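Heads up: the structure comes next, in structure tokens.
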Amino acid sequence: MLAGCGSELEPEYFEGDRVAHIAFSVMFSAYDSVHEYSVIPSVSDAADEPPFEGNPILASSIRWEVDNEFVSRSELPDLPNAIKLTTKKAGTTVITMIARHVSGPTFRQRAALTITMGTPEEWVAGDARFKQGPRVSLLDEFLESEAASCGLADKIGYPSTAACVSCHDPSGDGLDPTMTAGYSDDDLIEIVSAGAKPAGGTYNSDSLRDLSMPDCVFRAIHSYDFSEEEKRGIVLWLRSISPRTSPE
């Protein structure tokens, strides 16, 4: 799972001295006037039913404030600590969360959301790059290598034109725009084209859920050739996957 970046906006307190964190406190999404792009900011330290550990945020107290010019909002009954935001235009806006802790202190925290402008044509190029090209499978070798040794990665010879669907579901199942929302467009391009695995990322696939993927293996199977349009398009495509709106 990808880990997001830290907040650039300091929390503002009404009272008390405890901080809660919005995931992600710096968010990125996109807009192209045709496809839907959504993210789901959430508060991980939230609960409503005792016994409480520590001093969590009361999920029922969470309120979200957004700029309706940039995003539309949808409440999520199955995720009371989160909200679904769908982009309406490109630009940078601020998402505000107001809540209180079990002990009573109320505070406000803000998160920046940057929405990149794209085109439907770029999205189509990204969709094609994700699904088209040689399909290869290394699952058997991966499993037989005892969690994919770097020695295996050195001899893989994975084609740089391989289709992403060699390992990923064509619908994007297993990926999520909220999971990638903590990374800028440039970050995502480096991740998918140059194998620049971000710190904290494990990248376990569904079929290899119990086996972490070493950096050298991830780099070997994520060093792809992309045109400039495909680079922009793959970011749009990844950000347009429908986000999960219920607990796993």
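Remarks
- Qualifying residue in the range 132-144 (condition: at pLDDT 65 or above, out of contact with any His (no Cβ under 9 Å at 6 or more places or on another chain) and buried (at least 17 other Cβ atoms within 10 Å of the Cβ)): yes
- Ser212 vs. criteria at pLDDT below 85, farther than 19 Å from Glu229 by Cα, of a type in the set (Ser, Thr, Tyr) and part of a loop (DSSP other than H, G, I, E, B): yes
- Boolean, Ile22 is β-branched (Val, Ile, Thr), in contact with a Lys or Arg (Cβ under 6 Å, 6 or more places away or on another chain) and at pLDDT below 95: no
- Count of the range 179-209 residues, restricted to those that are assigned to a helix (DSSP H, G or I), at pLDDT below 65 and in contact with a Gly (Cβ under 9 Å, 6 or more places away or on another chain), is 1.
- Within the range 32-57, the set of residues being assigned to a strand (DSSP E or B) and closer than 19 Å to Ala111 by Cα comprises Ser38, Val39, Ser42, Val43, Ala46, Ile57.
- Every residue from the range 145-167 that is buried (at least 16 other Cβ atoms within 10 Å of the Cβ) and either closer than 15 Å to Arg239 by Cα or modelled with pLDDT of 85 or more (or both): Ala163, Cys164
- The set of residues in the range 78-99 that are in a strand (DSSP E or B), touching a residue at least 40 places away in the same chain (Cβ under 8 Å) and buried (at least 17 other Cβ atoms within 10 Å of the Cβ) comprises Ala82, Ile83, Lys84, Leu85, Thr87, Ile95, Met97, Ala99.
- Any chance Ala112 is farther than 17 Å from Ala23 by Cα and either touching a Phe, Trp or Tyr at 6+ places or on another chain (Cβ under 9 Å) or surrounded by 15 or more Cβ atoms within 10 Å (Cβ to Cβ) (or both): no
The values are calculated or read from the model by the stated rules, or taken from the named source; none is laboratory data. From a predicted model like this one, the values you see are computed outputs, not experimental measurements. FYI the Cβ positions are ideal-geometry reconstructions off the backbone, even for glycines, and counts take in every protein chain you see.
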